[in-house]
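These notes are about the structure you will find just below.
The values are calculated or read from the model by the stated rules, or taken from the named source; none is laboratory data. Quick caveat: nothing in here was measured; it's all calculated off a predicted structure. Cβ: placed from backbone, ideal geometry, glycine included. Neighbour counts: every protein chain shown. Remember, those area values only see protein heavy atoms, side chains included, never the ligands or the DNA or RNA. Shrake-Rupley method; radii C 1.70, N 1.55, O 1.52, S 1.80 Å.
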Amino acid sequence: MGAFGALFILEVVIVFSFVVTSIFMFVPKNNESVHKIFFSLAIMLGVLVTIIDATALPSNFTAQIIMAWLGLVPSAIAVVMTVAKGKPNTLAKLLVMATSVYGALGYLVIF
């Protein structure tokens, strides 16, 4: 199995984990700490996907590397919104989801 095969398997596992995390992030619960935990996990998975995307590219693909790192902007906006409000709202959760979807699609388009 080549390096790209291993990266693809890792990417699939991360995307599956993100789908499960996203489902539980939006399921209504009375416990606010559960939402914060899944929100934080979704942010971490989005960052992980972005790191894989940006570092898997050759160094002469500068524009694609910058585009991969720019995928973290929605997540950063979501973190600022969450800190300002004290809890994650629906828009912040959707922004975090956008980061992971962007990263996953970026990986699939690149390879």
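Solvent exposure of the chain, expressed per residue, is 59 Å² of accessible area, with all protein chains present and a 1.4 angstrom probe. The calculated 222 nm mean residue ellipticity attributable to helices in the chain amounts to -28000 deg cm²/dmol, summing -39500 (n - 2.57) over DSSP H runs of n ≥ 4 and dividing by all residues. Each principal axis of the Cα atoms in the chain has its own extent, and those three values, largest first, are 46, 27, 15 angstrom. Counting charges near V19 (Lys, Arg +1; Asp, Glu -1) among other residues having Cβ under 15 Å from its Cβ returns a value of 0. GNM on the chain, alpha-carbon springs under 10 angstrom: the most fluctuating residue among I37, I51, I66 is I66. Applied to the stretch 77-93, the Karplus parametrisation 6.51 cos²θ - 1.76 cosθ + 1.60 on θ = phi - 60° returns per-residue 3J(HN,Hα) values of 4, 5, 5, 4, 5, 5, 5, 5, 8, x, 7, x, 9, 5, 5, 4, 5 Hz, with x for Gly and Pro.
Here V109 and V80 are evaluated by their C-beta separation; at R0 = 25 Å the FRET efficiency comes out at 0.35. Taking Lys and Arg as +1 and Asp and Glu as -1, the other residues whose beta-carbon sits under 14 Å from that of P28 total +2. Seen against the Cα atoms of the chain and their longest principal axis, helix 3-26 is set at about 10 degrees.
Full extension of the chain segment joining M44 with T62 gains 4.1 nm, where the gain is 0.36 nm per residue of separation less the Cα-Cα distance. For the pair S33 and L7, label points projected 7 Å from Cα toward Cβ lie 3.9 nm apart. With a 1.4 Å probe and all protein chains left in place, how much of the accessible area of the chain comes from carbon and sulfur atoms, in whole percent? Using a 1.4 Å probe with all protein chains present, the chain comes out at 77 percent carbon and sulfur.
Which residue fluctuates the most in the chain, going by a Gaussian network model with Cα springs under 10 Å, if the choices are V47, V27, V12? In this elastic network of the chain, the residue with the biggest mean-square fluctuation among V47, V27, V12 is V27.
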